[in-house]
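Chemist: First the structure, then my questions, so here it is.
The values are calculated or read from the model by the stated rules, or taken from the named source; none is laboratory data. Note that the structure is predicted; figures quoted are calculated from it, not measured. Each accessible area value is taken on the protein alone, full model and side chains, heavy atoms only, with ligands, DNA and RNA left out. Shrake-Rupley method; radii C 1.70, N 1.55, O 1.52, S 1.80 Å.
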Amino acid sequence: VDLAVERRNGEFVRSLITAGRVSSCHDLSDGGLAVALAEMAMAKGIGAELDFMDVPGAHREIPGDMPSHAFLFGEDQARYVVTCPYDEINQLQKDAIAAGVPTWHLGSTGGEALILPGEAAVSIAALRKTHESWLPDYMAGKAA
């Protein structure tokens with residue numbers, strides 16, 4: 001991604017945050033989409049399901065030429081995941097298109113688990129336990 005794209009995407013996301021139009025935001029530079037969603041779910045205690053709902057102008061599925069692991073774990077400086085109220089989705093999508101920012105409607109938030117396409121649901125409690133215990137376990141010689 002070139003710097004102009006990174007700046008355009010970043011400024012668009014910053015404008016959403018400044019205007020109070022998004023309820024949460026995470027960049028995808030460290031671990032990609034799946035890691036960002038897990039971190040957001042643990043921070044807020046709210047689950048999410050990637051279901052690629054039909055929203056006008058939004059991409060509905062992982063790009064056909066991209067392996068799912070690349071889409072879910074690909075790290076990039078110019079990619080973000082944001083959440084917004086359901087009734088704001090269409091306007092946010094239109095604004096992104098007008099700004100030249102490519103978007104995907106990924107799914108919805110709610111519940112107590114993170115659900116990725118083709119994978120079993122993972123509870124937020126299990127994510128949190130694994131996230132918070134692996135280093136102490138490793139240091140105590142309990143983890144491989």
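Chemist: Roughly speaking, to the nearest percent, how much of the chain's 1.4 Å accessible area is carbon and sulfur?
Modeler: 55 percent
Chemist: Which angle between 0 and 90 degrees, to the nearest 10, do you get for helix 3-18 versus the longest principal axis of the chain when only C-alpha atoms count?
Modeler: Approximately 80 degrees, to the nearest ten.
Chemist: Still on this structure, I have one more. Could you tell me what percent of the DSSP beta bridges with both partners in the chain are antiparallel, to the nearest 5?
Modeler: Here the antiparallel bridges make up roughly 75 percent for the chain.
Chemist: Among (i) 17.2, 52; (ii) 18.2, 57; (iii) 16.2, 53, which is the computed Rg and Dmax of the Cα atoms in Å?
Modeler: (iii)
Chemist: To continue, here is another question. Mind pulling the angle between the C-alpha long axis of helix 89-99 and the longest principal axis of the chain? Nearest 10 degrees, somewhere in 0 to 90.
Modeler: Relative to the chain, helix 89-99 is tipped by roughly 60 degrees.
Chemist: Now, a different point. Taking a probe of 1.4 Å, how large is the accessible area per residue of the chain, in Å²?
Modeler: Ligands and nucleic acids excluded, the result is 62 Å² per residue.
Chemist: With angles folded into 0 to 90 degrees, how steeply does helix 32-44 sit against the dominant principal axis of the chain? Use alpha carbons for both and round to 10.
Modeler: Rounded to the nearest ten degrees, it is 70.
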